[in-house]
Each structure stands twice: as structure tokens, then as C-alpha cells.
Amino acid sequence: MTAAAAPAQENPLVEGLERLPVHPTVLVIFGATGDLAHRKLLPALYNLAHEGALPERFELVGIARRNQSHDDFRAVARESIERFSRRKPDPDVLEGLLDDMRYLPGSFDDDRVYERLTHTLAEFDDKAGQPLNRVFYLSTAPEFFPIIVGELGKAGLHAAERAETRIVIEKPFGYDLASARRLNAQVLEVFDESQVFRIDHYLGKETVQNLLAFRFANALFEPVWNRNFIDYVQITAAEDIGIGGRAGYYEHAGALRDLVQNHMMQLLALLTMEPPIAFEANRLRDEKLKVLEAIVPPRPEEVANIALRAQYARGVVGGKEVPGYLEEDGVAPGSRTETYAALRLHVSNWRWAGIPFYLRTGKELARKVTEIVVTLKPVPHLALRSTGSVGVQANQIILTLQPDEGVTIQLGAKIPGTGMRIRPVNMEFRYGTSFLSESPEAYERLILDAMRGDATLFTRNDEIEALWGIIDPILTAWREDTTTPIPQYPAGSAGPKEADALLDPGHRWNRL
Amino acid sequence: MSQDVWSAENTTPDEVEAALRGLLRRAHAANDLLAPARVLNLVVVIGAERKDEIAERLSRVGRYHASRTVLCTVHEGRTTLDATAAIHYEEPRNGIGVVLEQVEIEIGPSHLAHLETIVDPVVVSELPTVLWRPGGADEVVDRLLGLTDVILLDSDEHADPASALVRARELLGSAYVVDLAWLRTTPWRERVAASFDPPWRRPALERIAGVSVRHRDSSQACALLWAGWLASRLGWAPAPLGEGPSGAGLAGGATRAEAEVGVRLEPVELRTPGLAGVTVACTDGFALSLDRSPGGLRARRQAPDGEETSWKVLGASRGEGGILGEGVRQALLRDPTYGPALDAARGFCPA
């Protein structure tokens, strides 16, 4: 698919550089007037430019249906950057970035758009005196993904002489297993898997990558990271806000698709995978795939026992009364879309057999927090008396991803005094106290990785299908069940009481 | 930014350390979301005449503040030790509030003989300690080497670049060295590396016929380090440079395999320390020039057939505050290419 020759020799000048070279590239954003481009992509590109991280030759083309000129697009891009960039733009850098931006208006299924794009790309190559790598970024509604991919193939833009061509596809990648498989087939009919970068911006977050550092850079935890020492694990992604104005999207997505199928399952994979031999795209993704394949999808009759859905009802969040989901603008009367989902999964392999993994996510909950709580088994024999105290409790390792990224280890400690009374205490580590540098936005990292051809933090085709394969039976069961009442939980609470039924005896949800 | 301060005259390091602990304890008791930063100690030793300037530079490092900064100011004629300890923090809103600590110690020349006994008690012992001695890495640095993990220096500050590089090499044997002059070359190293990165252009690295470095007059060490970097990465044997054409700058060469590579260092007018431009020319007529320009670098490439193209490489200037901040950040990293570049740069120094 790509025609660039293998490197004749190593580049000795890159040794020791923090910012590795990126081949001269043209980035084509489909859906360039959309919300994602406006809030994330354009500001991320500015920050890369500010830091001198963009390739030495960099061109940007925006494509969208809106009929506007290059200058109109530049004006919108300027506004996006000034409003959403994490740093105040330097006027000279901003002008430099905006100066060469191009805009191509047109419908994504219009052949003429791709003819003009072909012409524009050739113009850039001529100007640079060398073929530029091409990255097509699909930041459109998902129904356009196959159309754009097909048109790129038809126009012969899926490959270039002496340059790499890559395609970045935003989430959601599919709506269920069948649609994900269909989309994979459509994409892979035109592009080779090595050219495809399926984005889940969660993986670009420093906090998520730190999970790998926590597990694989510390010998302390590995000996206990298995079924012999761990009793159960829970992963929580709680939000204290509702659906905002996104009823149109959310009614079709629901909590399971919105957060569990992608972000939370990725956390589960990173938490449970075997150590990769190297931090390389396929090494890492092979290990993730293995562990995802070890999660046996539930049979239809098992779904009610391992999964729970619920909706928020009217309640109070942060002292403010909020409406229930069914009262939100744009939500269909009697909607059965879940705003809360909880699951109990098992990873059926040597390391994790028998250990329950509880996942829960929801909107309008008591607190915004994303955390992984690993509860260890109790000590085998307790010589200490716990009279007069809350007693000895199982150790917990709590990995907080937001709002304050850190690690807490809960230990038992003696209460000062004459007796041997024990209570749990926390040993806390907060990343914010140890790294004063500001983390780059996930999109900065991911755009740069895609331009560089590093797919480590992107999802592979088989991984996507494995993720959907776990979730699909639950989606199907919920879709087919049109009569069982959907449990309700008051906005501002910790979620539905019914979620307790998913827990094995002796287990409990950590307080939000 | 909130601030709690303690100060005392004729005090001791132990009292300073106890005062800091007290400030932290009281802040945490008032708001348990406040937590002290634990990244590194930065110890700065300066003469009183430079205190304001250095304090101003430290205030401009942006987010790369050390977690505990210990500023020792030496006053002529002073015999007592006075100190101020302060903690600074943003009031936490949605998360923790990170607390930064600053200690200012006023001492006299007589204290320098036992400076390590003053500094040691006030640094956080389990954290790396970075030592910065603006103006030159003199015997004060030697005295504090035992408690120093990283030495922050600026080879451009020394009047004699050759001596500065010799001193940096000496210190590199005792601690990790972060050289601000080296950090000023970073964008130039990155961009030249990127220009030669396309696989079809890499063979040109073996055909380099000459390099020229345009630098501020006072930044010859920076220019030598950039040339030294190229020489060390490409396996050139540097030879001492002589006086440049018309008496300005330095010129000479290095040997690559059996070929000669011309090296020129040209001083130019430049408002800020560092490099103004670099040119790399190959035997087949290919040449690449990078020069400072608003909002980045202006790149010019000449193809072997003589055709010229030019474009802008985007990137914001870091400024001297940013360079110092970068120096603090680099103290947590390790650059394996500085030592070899330093050695090659010394090889270029005039005999």
C-alpha cells in the first residue's frame, strides 16, 4: 500500500532528542468545521506548532460541507485556537500556522472534492520539492466513515509514491459488533491495517499511560497482581453531570457504548494484560487482545445476572435540583437508554480466573471520579484483636485517574494507645506533586503519533472487534427487553441500589 | 497564589527547616488538599549584587519551578545567617493544591567555607538536588558536590568558552550536568536532525562538506557545542579552530573518514543569547540553512542543481526564562549526547 523505501541507514542525529523528527506531512481533516476540530484538533495542532513539534513541512487541509473560503476557515480556526488552546497563542506562530491552511468545501460523497484534494496534495508536494506523508483524519459523523474511505480509495489517495498514507478514524468505531466488523471490512478493503489509526483519545491521556508505568516499572506490585492475592477489582467512571444538550447522540449511544465499550474496557485490558516484551504497537496490542479474548461474552440468559442498566431520576447535584433523564430535552418519552451501566466480568485465564471485575459508569452521580480499586484478599490469619476499632480491613490499591491522578494504598495501622487497635490509613501519592510539568492534551500526543506512524496508543481491528464482542450480547439483551422496568437512581446519588446485586458476597462498591 | 512566610535573623539551618515543616503542617491542617511538591531541590548560590536579577529569572521559569528552592545570597561583610522561608500555593479548587517552598538564606563570605553544612539541612533529602551557581562553577560548587546530583551551569556565561567547556567536563565526572548553553542548541539540533531524517536524505550526512554556525558574540560556547554535537554524532575528528576570515569568529575543520569538513563560527548581532542560524552544506551542492525568524525558524534549502526553496518551521521562542525552566526540567532526565558533544566541542577550541 505504501511505497516509501526502507531506511537505508539509521539517522545518528536523533539519539538523545526528546522530540523525534516527524516526516513532512499534510493533514487532511474531514469534518473540519465540527465540534471536535473546533475544541480539540485545531488547538492541539497549535500547541504542537508552538512547541516546534510539527514536521518541518506541514500543511493542513480542512474539508467540510459548509461553503466558505480559505480565509473564512482560517478565521474560524483562529477563534478555536484562541478560545480552546491550553496556552495563550504566540501571535507569530499562530499566523504561521493559519497562513497555509486550506479549505475545501463539499459533500463527502462528491467525487469533485477528492479531485480537488488530489490537486491540492500534488501542489503541496511540488511546493515542498518532495512527497509529503498524508494523514486523513475522519472527524465526521460515523455514517460518513465508509463513504470517505471508499472515495479516498476511488481517487487513488489511499497510497502515494515515496510517502506514507495514514487514516485516523474517530470513535465510535461501529455501533455494535456487526457494524464494527462491517466498517473494518470497508476500511481494510482500501487501506492496509498498518495505515489505520482508530482513535480512542482516552489512550492518549497521560493518566492512562501511567497505568502501564505503574504496573510495569515497579516490581513492588507484580507479585500480588493475580488471583492469589487479589479478591476483586472495580473500575468506576462516574460523572456528576447529565447529558447536557447531547440527547440526540446519547439516546442512540447510552452509557454502555459511550464509556464502557471503549474507555473502561481499555482500562480493564491495561490493568489485566501480561507485560508486553516491548512498548511497541503490536506487542502491546497483542497483549491487550489476549486478555480481551479471555473475557467470555455473556450468554443471553446470563446478561441479567452480570449487567445492570439504570437512568437518573430527578434529584439534587451539588445543591442544585436537576431533572431526571426522561425529563431532559430531546429524550424520547419512555426512553430505555441507560445513563448508568454496571457489569461483572471475569477474565478467564491463569492469572485472573475467578476474580470478579466490576465496572460501573453513570451520569448525574454524586461525584466526578475515574478510579480503579483493587481489593486484596484478607490476611490468612489474624492474630490481632479488633475490639474497639473498625478492625483490620483488606488492603486496597486505588488508582485514581481523575480528578487527582494518583495512587493510594490503604493499609492497616495501629491506633496510638495501649491496646492493639487497628484502623485503615492511606498512603497517598499524587502525580501533581511530583511532576510540575503540564500534561499535553491527549490529542496532541495522538496526532503526533499518527503522523509518525506509531500505532501503540490506537486500537487495532481485532481489538475493536474483541471489545464489541464482549459488549454486544448485553446490548442485544437490553434491546430485546422492552418490558422490564429500568431502575431509576436519584441524580446526585451513588447510583441504583440494584447494582449491589451484581456483587459477590462480601464485596462492596467503593463509596463515590 | 497564596503565600505563608517565616523569617528570622541570626538563625540556624535547623530552625529554617523546622520553620518550613511548621508552615507545611499549618497549611495542611487548614486545608488538607494542600500537598507539598516533591520533585527536586534547587540550590542557588549568588553574590548579593545579582540577587534581584536571579530572583527575577527564577520567577520566569513558568511551570518548571523546583519544589524547594534554596537561594543563598553572599553579602560582603556579613557574619550572621538570616533566613526567610516561604510556601506558595494556589488555593485548591477541584483537586489538590501543590505547595512550592522557597528558602532565602543571607550569609557572609566566612560561611562559604562550610556552606554544605548550611545547605544540607534545608534540602529535602530524598529528592534530587540541583545546584546552580550563576556566574561560574567555582570552588563553591566543589564544596557542595557531595550533596549535589545535578549541576546547572551556563557555559555561555564564562568569558572564555574553552575554560567553560573544560570546567563542564570536570564537573561531568562528579554529577550530571545540565548546561543552558547546550539547551539553547536544542531546536537547532532537532531541526537539523529532522531535515536529514527522510531515508533518502540520510546518506547526505556522509557528504557534509562544511557547517557554519552564526551566534551571538557571547554565545561561542553554544556554537561550539552545536558543532561538537554534529561532530560527535557523525564521527568526525575535530581539530582546533583558528581565527575566522577577517579576524571575526573561528574557522577550521574536522576530519570525516579521509575527507575534510569545514567548520565556521561567526559572531553576529543578536539580542538574546544563543544561535542565530546554522548552515550545513554537502559536497554535491545540497545545503540547508536555518535562521531565526518570528514564530520559528526560516529554512532554506539549496538542491544540488542550485534550485532554492524556503519555508518557515514553526515554533515559539522559549526566551531565557523558558531556557532556565527547561534546565530545571532536564535535571530529571538524562541526555546521553551532551558528554560526547562537549568533548568534540573542546576539540574545536582554539589551541
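The values are calculated or read from the model by the stated rules, or taken from the named source; none is laboratory data. Being a predicted model, the structure only gives us computed values, none of them experimental. Cβ atoms come from the backbone with ideal geometry, glycine included; neighbour counts cover every protein chain shown. Only protein heavy atoms, including side chains, enter the accessible area calculation; ligands, DNA and RNA are left aside. Shrake-Rupley method; radii C 1.70, N 1.55, O 1.52, S 1.80 Å.
Numbers at a glance
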{"read-out": "Filtered residues of the stretch B:1-11 (kept if surrounded by fewer than 14 Cβ atoms within 10 Å (Cβ to Cβ) and outside any strand (DSSP E or B))", "value": "B:Met1, B:Glu9, B:Asn10"}
{"read-out": "Unmet requirement for B:Gly235, which otherwise passes all of (1) touching a strand residue (DSSP E or B) at 6+ places or on another chain (Cβ under 8 Å); (2) on the phi < 0 side of the Ramachandran plot", "value": "(2)"}
{"read-out": "Qualifying strands (runs of 3 or more DSSP E) (wholly inside the stretch A:5-110; at least 1 residues being open to solvent by 40 Å² or more (accessible area, probe 1.4 Å) and of a type outside the set (Phe, Trp, Tyr))", "value": "A:102-105"}
{"read-out": "Number of the exception - B:Arg169 against (1) outside any strand (DSSP E or B); (2) closer than 30 Å to A:Ser439 by Cα; (3) open to solvent by 10 Å² or more (accessible area, probe 1.4 Å)", "value": "(2)"}
{"read-out": "Among residues of the stretch A:347-362, those that are farther than 10 Å from A:Val233 by Cα and either open to solvent by 40 Å² or more (accessible area, probe 1.4 Å) or not charged (D, E, K, R) (or both), counted", "value": "9"}
{"read-out": "Wholly within the stretch B:96-160, strands (runs of 3 or more DSSP E) carrying at least 1 residues that are within 14 Å of chain A (Cβ to nearest Cβ)", "value": "B:97-107, B:129-132"}
{"read-out": "Residues that are away from chain A (no Cβ under 14 Å), open to solvent by 10 Å² or more (accessible area, probe 1.4 Å) and of a type in the set (A, V, I, L, M, F, W, C), drawn from the stretch B:190-220", "value": "B:Ala209"}
{"read-out": "Test for B:Glu307: is it more than 29 Å from B:Trp236 (Cα to Cα), of a type outside the set (Val, Ile, Thr) and open to solvent by 10 Å² or more (accessible area, probe 1.4 Å)", "value": "no"}
{"read-out": "Strands (runs of 3 or more DSSP E) (entirely within the stretch A:291-392) containing at least 1 residues that are more than 27 Å from A:Leu411 (Cα to Cα) and more than 23 Å from the chain's Cα centre (by Cα)", "value": "A:307-313, A:315-317, A:320-322"}
{"read-out": "Yes/no for B:Pro187 being touching a residue at least 40 places away in the same chain (Cβ under 8 Å) and either away from chain A (no Cβ under 14 Å) or hydroxyl-bearing (Ser, Thr, Tyr) (or both)", "value": "no"}
{"read-out": "Failed item in (1) outside any loop (DSSP other than H, G, I, E, B); (2) at positive phi; (3) open to solvent by 10 Å² or more (accessible area, probe 1.4 Å); (4) not charged (D, E, K, R), with A:Leu259 passing the rest", "value": "(2)"}
{"read-out": "Looking only at the stretch B:314-347, and only at residues there that are within 17 Å of B:Val178 (Cβ to Cβ) and of a type in the set (Ser, Thr, Tyr), the one that is farthest from the other protein chains (Cβ to nearest Cβ)", "value": "B:Tyr338"}
{"read-out": "Top-ranked residue in the stretch A:402-414 [being aliphatic (A, V, I, L, M) and open to solvent by less than 50 Å² (accessible area, probe 1.4 Å); ranked as nearest to A:Arg430 (Cα to Cα)]", "value": "A:Val407"}
{"read-out": "Test for A:Ala163: is it surrounded by 21 or more Cβ atoms within 10 Å (Cβ to Cβ) and either within 30 Å of the chain's Cα centre (by Cα) or within 14 Å of chain B (Cβ to nearest Cβ) (or both)", "value": "yes"}
{"read-out": "Filter result (over 23 Å from A:Glu51 (Cα atoms) and touching a helix residue (DSSP H, G or I) at 6+ places or on another chain (Cβ under 9 Å)) within the stretch B:277-328", "value": "B:Val280, B:Cys282, B:Thr283, B:Asp284, B:Phe286, B:Thr309"}
{"read-out": "Checklist (1) out of contact with any Leu (no Cβ under 6 Å at 6 or more places or on another chain); (2) within 12 Å of chain B (Cβ to nearest Cβ); (3) over 30 Å from B:Leu234 (Cβ atoms) applied to A:Glu10, failing item", "value": "(3)"}
{"read-out": "Residues being open to solvent by less than 10 Å² (accessible area, probe 1.4 Å), over 18 Å from the mean Cα position of the chain (by Cα), of a type in the set (Val, Ile, Thr) and closer than 16 Å to B:Ala175 by Cβ - total across the stretch B:117-164", "value": "2"}
{"read-out": "Boolean, B:Leu42 is open to solvent by less than 50 Å² (accessible area, probe 1.4 Å), assigned by TED's automatic domain parsing to the domain that holds B:Val99 and either at pLDDT 95 or above or under 18 Å from B:Val130 (Cα atoms) (or both)", "value": "yes"}
{"read-out": "The stretch B:237-249, subset part of a strand (DSSP E or B) and open to solvent by 40 Å² or more (accessible area, probe 1.4 Å), residue modelled with the lowest pLDDT", "value": "B:Glu243"}
{"read-out": "Residue identified as in the same structural domain as B:Arg271 (by TED's automatic domain parsing), in contact with an Asp or Glu (Cβ under 9 Å, 6 or more places away or on another chain), crowded, with 20+ Cβ neighbours inside 10 Å and assigned to a helix (DSSP H, G or I) among B:Ala227, B:Ala223", "value": "B:Ala223"}
{"read-out": "Hits in the stretch B:51-68 (condition: open to solvent by 50 Å² or more (accessible area, probe 1.4 Å) and basic (Lys, Arg))", "value": "B:Arg60, B:Arg63"}
{"read-out": "Residue match in the stretch B:38-51 (condition: free of Cβ contacts under 8 Å to residues at least 24 places away in the same chain and more than 30 Å from B:Leu153 (Cα to Cα))", "value": "no"}
{"read-out": "Single residue of the stretch B:69-95 satisfying the filter (under 30 Å from A:Lys88 (Cα atoms) and away from chain A (no Cβ under 14 Å)) that is least open to solvent (accessible area, probe 1.4 Å)", "value": "B:Ala86"}
{"read-out": "Pair list, Cβ under 8 Å, 6 or more apart: the stretch A:367-384 residue free of Cβ contacts under 8 Å to residues at least 24 places away in the same chain, other residue of a type outside the set (Gly, Ala, Ser)", "value": "A:Val379/A:Val392; A:Leu382/A:Val392"}
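A quick yes/no check of all residues on (1) assigned to a strand (DSSP E or B); (2) open to solvent by 30 Å² or more (accessible area, probe 1.4 Å):
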{"site": "A:Pro416", "(1), (2)": "no, yes"}
{"site": "A:Met420", "(1), (2)": "no, yes"}
{"site": "A:Arg423", "(1), (2)": "yes, yes"}
{"site": "A:Met427", "(1), (2)": "yes, yes"}
{"site": "A:Arg445", "(1), (2)": "no, yes"}
{"site": "A:Ala466", "(1), (2)": "no, no"}
